[in-house]
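Notes follow the structure.
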Amino acid sequence: MNTWRNASLVVTALALVALTTACGQEKGTSTGGQAVGNALPAQQQAESGYGSDGGYGASTGASAAPKEAGQLAVWDSKELGKVLTDGEGFTLYRFDKDTADPPASNCEGDCAKTWPVEPARNATAAAGTDASLIGKVARDDGTEQLTVGGWPVYRYAADTEPGDANGQGVGGTWFAAAPDGKKAAPGADAPTGGGQADAAGLSVRKDPELGDIVVDKRGMTVYRFKKDSAWPMKSACTGDCLKKWPVVSPVAKNDVEGVTTKGFVTFNRPDGIDQQSLDCWPLYTFSGDAKPGDTNGQGVGGTWYAVTPQAKLAGVPK
């Protein structure tokens, strides 16, 4: 009897180890991810309202000023919450010395060299956000600057790569912008595009063509990427890919309805972004979905598919 029981305990232990190894996780930490960006640096402070280095901030090695806003997107930062980015994936900032009602910029001259103005040209609201918050304001030089919720928005010259947020907190007056134009902050991620505040983090929607599919708290379709790996867990979506396919941020296990909790773990990507998974598969949304109910990402490239409540690929023959 003791021999049988000992053998049973060994089998159980091995099963648990196999599950952990399969997801490439140990205590929520991935071992098989790929680098997709930079982790956020510590907040910077300066005596003036513009930044350091002459009162306006660092400009050495600065990225080029944007030519257009393009397709805006939202990325989830563990430190900052939901952060708005432009079409090239660069963090957008707001300035406390500006005004939103009426919209007006107080960043000119040297300030605008360190904080390049985000042009309003070809701006498209991020998926799942309120398009009516997107606007523009005329500047003294005749150009038009993008506004979000009335606030003029900018890049920071010291952000050299998409995902950088070196401008956060500079001078105590510059802050990353949330999708509604307010200051980005952890927990300030209420749905802005048709979702319901009390909706589950992940739930199920009946699609007329795909059947039951998973949606996030905003009601936006959730996708899987066939080039990813669940065993061990890896994401093949990097760089520009993440602009089009934002990750699904972590969801509490008790905040799901009708969705499997098998392999329900947080994928800690090397860039510091935490990503939710189902059955160990990383989850994404699609920037081309403009409103809840859209499934424009279905079948893209023959590699992107909506997710069933069992974490399978929707619309793909078994």
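Of the listed peptides 85-93, 139-147, 160-168, what is their order by residue-averaged count of other C-beta atoms within 10 Å, with the highest listed first?
Descending mean neighbour count gives 85-93, 160-168, 139-147.
Return the FRET efficiency for the residue pair residue 229, residue 253: r is the Cβ-Cβ distance, R0 is 25 Å, and the value is rounded to the nearest 0.05.
So the FRET efficiency works out to roughly 0.65.
Given a cut-off of 21 Å, what percent of all Cα-Cα pairs of segment 160-318 lie beyond it?
Here the long-distance tail beyond 21 Å is 46 percent of all Cα pairs in segment 160-318.
Treating segment 244-318 as a set of equal point scatterers at the Cα positions, no solvent, please give the Debye-formula log₁₀ I(q)/I(0) at q = 0.17, 0.25, 0.26 Å⁻¹.
Debye output, listed in q order: -0.70, -1.33, -1.36.
Can you tell me which of 304-314, 100-110 comes out highest on packing, and rank the rest after it, using the mean Cβ neighbours within 10 Å?
For the peptides 304-314, 100-110, the packing ranking is 304-314, 100-110.
Please state the shape class of segment 107-161: rounded when a/c is under 1.5, otherwise prolate if a/b exceeds b/c and oblate if not, all from the C-alpha gyration tensor.
Oblate, because a/c is 1.5 or more while a/b does not exceed b/c.
Return the ratio Rg/(2.2 N^0.38 Å) for segment 85-220, where Rg is computed over Cα atoms only.
Dividing the Cα radius of gyration by 2.2 N^0.38 Å gives 1.18.
Can you pull the one-decimal nm distance between simple spin-label points at residue 110 and residue 138, each 7 Å off the Cα toward Cβ?
Roughly 3.0 nm, to one decimal.
Read-outs: derived from the displayed coordinates by stated rules, not from any lab. What you are looking at is a predicted structure, and each value in this text was computed from that prediction instead of being measured. Virtual Cβ from ideal backbone geometry, glycine too; neighbours counted across all protein chains shown.
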